[in-house]
Amino acid sequence: LNPTVRVTITGAAGNIGYALLFRIASGAVFGPNTPVQLQLLERDNEQSKASLNGVCMELFDSAFPLLTRVITTTDPLEAFEKTQAAFLVGSMPRGPGMARSDLLLANGPIFQSQGEALDQTADRNVKVLVVGNPCNTNAYIAMHNAPSLSPKCFSAMMRLDHNRAVAQLAQKTGRPVCSISGLKVWGNHSNSMYPDISQCTIAGVKATELVDEAWYNDYFLPTVAKRGSAIIKARGKSSAASAASAAIDHMHDWWNGSNGRIVTMAVPSDGSYGVPEGLVCGFPCICTGGGEYEIVKDLPITASGRARLDATIAELVKEHDTVAQLCE
Ligand code: NAI
């Protein structure tokens with residue numbers, strides 16, 4: 001067996017947490033030969049603590065061979081102690097009538113204090129995946145509050161958007177998901193995101209030869225962008241299992257490598273594609289193994305794609321500016 005990996009999940013008693021913990025404990029991220037220690041953070045109130053206790057009883061009852069220990073805490077310093085992989089899920093959901101900017105300011109302080117705690121106690125090579133929304137900007141806040149960690153330790157989740165786009169293409173063309181490569185989603189995890197199929201191939205054939213532009217513009221783009229709302233409307237609750245699955249895919253590839261495949265990760269920009277340096281933006285990435293990733297450079301971008309990319313960058317710049325006081 002490999003050495004035990006310490007894994008932190010914040011908001012562990014929430015919807016996504018409930019779908020995430022059991023798969024991590026079963027080996028879905030770190031593999032069948034790597035034991036895990038779960039370090040679970042929740043809010044300091046009776047309901048959250050009771051609920052987390054119930055989840056822990058179920059983890060216990062699952063008798064996972066790879067699960068060596070479960071720690072529950074309301075203290076971020078304890079939750080991030082020596083952590084090597086941190087899923088930052090816990091945050092306030094967007095309430096009715098709440099603007100995105102209100103959500104930013106409500107959740108920002110959570111990621112400010114968790115960034116500070118990561119800075120103090122996490123493993124120096126920790127991989128932090130921010131899921132809680134608005135995830136790009138929350139990752140930006142956490143990163144700025146952890147100056148002793150490399151910015152490359154921080155990422156935000158756009159894999160759900162990526163997976164949704166792949167699934168739509170697979171369904172439309174009648175080809176399996178595994179035959180699709182080269183798709184990426186640029187920008188912000190919001191309606192402004194840009195799912196790009198311009199270099200995507202399906203079983204070796206260019207996707208743009210298999211689907212027409214009207215379908216791409218009028219069905220694919222809005223369906224992918226509004227899928228979250230469609231799921232809330234259908235279930236009465238936001239997507240949780242698919243979000244957890246995307247978080248697992250993201251961390252799995254980051255940790256183990258993506259086998260040369262392009263995957264979408266929101267990561268701090270290195271200035272590529274005219275994205276201002278430091279902006280946490282969805283990029284095409286290849287995970288090269290050993291916990292490293294690279295932004296794929298010099299891909300051609302169509303004129304309409306460029307306009308979409310510029311729009312989503314502008315939104316990100318505005319969001320990051322809104323939280324500037326939390327990043328000093
Ligand atoms: P939820 O409300 O069911 O669970 C959130 C949990 O976080 C709750 O148990 C709450 O007590 C806890 N929490 C809140 N503040 C905390 C803090 N400061 N420290 C520790 N725990 C805290 O929400 P759900 O469905 O699990 O979603 C979580 C987040 O994930 C939301 O922000 C949601 O918008 C986001 N999300 C992101 C997606 C993406 O693609 N990036 C997709 C789906 C959801």
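Some points to look at:
- Point-charge dipole on Cβ atoms (K/R +1, D/E -1) for the chain, about Cα centre, debye to 20: 840
- Evaluated at q = 0.14 Å⁻¹: base-10 log I(q)/I(0), Debye formula over Cα of the chain: -1.11
- Using alpha-carbon coordinates, inclination of helix 159-173 to the longest axis of the chain, degrees: 40
- Listed by chain and number, the lysines whose alpha-carbon sits under 24 Å from that of Lys152, ignoring those within fewer than 8 places in the same chain, are Lys82, Lys127, Lys184, Lys297, Lys318.
- Measuring max minus min along each principal axis, the C-alpha atoms of region 174-328 give extents of 50, 39, 34 Å (largest first).
- The helix-only estimate of mean residue ellipticity at 222 nm for the chain, built from DSSP H runs of length n ≥ 4 each weighted as -39500 (n - 2.57), is -12500 deg cm²/dmol after division by the residue total.
- Against the chain, whose longest principal axis comes from its Cα atoms, helix 46-61 is set at around 90 degrees.
- Set of lysines with alpha-carbon distance to Lys237 below 20 Å, sequence-local pairs under 8 removed: Lys226
- Compactness check for region 61-132: Cα Rg over 2.2 N^0.38 Å is 1.33.
- Helix 15-25 and the longest principal axis of the Cα set of the chain meet at an angle near 80°.
- Region 204-264-region 151-191 distance, computed between alpha-carbon centres (Å): 4
- Note on region 222-309: Kirkwood hydrodynamic radius from all Cα pairs is 14.8 Å, rounded to one decimal.
Read-outs throughout are calculated quantities, based only on the coordinates presented, and are distinct from any laboratory measurement. None of the values given here were measured: they were computed from a predicted structure. Heads up, the Cβs are rebuilt from the backbone with ideal geometry, glycines too, and the neighbour counts pull from every protein chain shown.
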